[in-house]
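Novice: Attaching a single structure in structure tokens format; questions to follow.
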Amino acid sequence: MTIQVGDKVPSLNFKHMTAEGPADISSEEVFAGKKVVFIAVPGAFTPGCSMTHLPGFVVNADALMEKGADTIVCMAVNDAFVMGAWGQNQNAEKILMLADGNGDFTSAIGLELDASGFGMGKRAQRFGMIVEDGTVTYLGVEAPGEIKVSSAETMLEQL
């Protein structure tokens, strides 16, 4: 079942890159006591994600923070090494790049995408959420090929 506005995010671990290498970060560390702008993309370094989706958040990071976001997160079903390299490639230093390597979080919230027809296996659908102290206050799940309801501009409007 897909997560809905008003639901709590599940308690699971993500991975992220640190100066010492990949490290766990719990969903409680990410969401507790914070307003989080959270986007998920089908894959790091993929065209729509790299040319449109993530760059919108890089450009609008300060505006999102000024409107009340404590943290901006970009998550993909990729490993921490890939997410770290993609964040560097995209100059996303103000964005927490999270890896859901096995898709556990994505599965728990019911937003999987079967991209095996493209040789990509199970991924996350493209979506955006605003999460306040662990509770979803906005959820926008994209139609295939679109970047509208999860764009930086839409997230700014939702804050």
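The values are calculated or read from the model by the stated rules, or taken from the named source; none is laboratory data. Just so you know, these numbers come straight off a predicted model, no measurement behind them. Neighbour counts run over all protein chains shown; Cβ positions are idealised from the backbone, glycine included. Quick note on the areas: whole protein, heavy atoms, side chains included, nothing else; ligands and nucleic acids left out. Shrake-Rupley method; radii C 1.70, N 1.55, O 1.52, S 1.80 Å.
Novice: Can you report the number of residues in the range 50-69 which are open to solvent by 40 Å² or more (accessible area, probe 1.4 Å), among the hydrophobic types (A, V, I, L, M, F, W, C) and at pLDDT 95 or above? I'd like the intermediate steps shown before the answer.
Specialist: Here is the first cut: in the range 50-69, the residues open to solvent by 40 Å² or more (accessible area, probe 1.4 Å) are 51-52, 58-59, 62, 65-67.
Checking the rest, the ones that are also among the hydrophobic types (A, V, I, L, M, F, W, C) come to 51, 58-59, 65.
Subsequent filtering for residues that are at pLDDT 95 or above retains 58-59, 65.
The qualifying residues number 3.
Novice: Collect the residues in the range 102-150 that are assigned to a loop (DSSP other than H, G, I, E, B), among the polar types (S, T, N, Q) and surrounded by fewer than 14 Cβ atoms within 10 Å (Cβ to Cβ), keeping them in residue-number order. Break it down into steps so the answer makes sense when it comes.
Specialist: Filtering the range 102-150 for residues assigned to a loop (DSSP other than H, G, I, E, B) gives 102-103, 109-111, 115, 119-121, 125-126, 133-134, 142-150.
Imposing the further condition that a residue be among the polar types (S, T, N, Q) reduces the set to 102, 125, 150.
Scanning the range 102-150 gives a single hit, ASN102.
Novice: While we're looking at this one, here's another question. Is one or more of the residues making up the range 70-79 of a type outside the set (S, T, N, Q), open to solvent by 60 Å² or more (accessible area, probe 1.4 Å) and within 16 Å of the chain's Cα centre (by Cα)? Show your work before the answer.
Specialist: As a first pass, look at the range 70-79 and keep what is of a type outside the set (S, T, N, Q): 70, 72-77, 79.
Now restrict to residues that are open to solvent by 60 Å² or more (accessible area, probe 1.4 Å): 70, 79.
Imposing the further condition that a residue be within 16 Å of the chain's Cα centre (by Cα) reduces the set to 70, 79.
Yes - at least one qualifying residue is present in the range 70-79.
Novice: Right, here's the next one. With respect to VAL82, is the statement that it is at negative phi, surrounded by 16 or more Cβ atoms within 10 Å (Cβ to Cβ) and in a helix (DSSP H, G or I) true? Spell out the reasoning first.
Specialist: Details: at negative phi: yes; surrounded by 16 or more Cβ atoms within 10 Å (Cβ to Cβ): yes; in a helix (DSSP H, G or I): yes.
Yes: the conditions hold for VAL82.
Novice: Looking at ASN91, is it touching a residue at least 12 places away in the same chain (Cβ under 8 Å), in a helix (DSSP H, G or I) and of a type in the set (S, T, N, Q)?
Specialist: Considered against the rule, which asks whether it is touching a residue at least 12 places away in the same chain (Cβ under 8 Å), in a helix (DSSP H, G or I) and of a type in the set (S, T, N, Q), ASN91 comes out as no.
Novice: Now, a different point. Could we say that MET1 is touching a residue at least 60 places away in the same chain (Cβ under 8 Å), more than 23 Å from LEU156 (Cβ to Cβ) and more than 12 Å from the chain's Cα centre (by Cα) here?
Specialist: On the way: touching a residue at least 60 places away in the same chain (Cβ under 8 Å): yes; more than 23 Å from LEU156 (Cβ to Cβ): yes; more than 12 Å from the chain's Cα centre (by Cα): yes.
Answer is yes for this residue.
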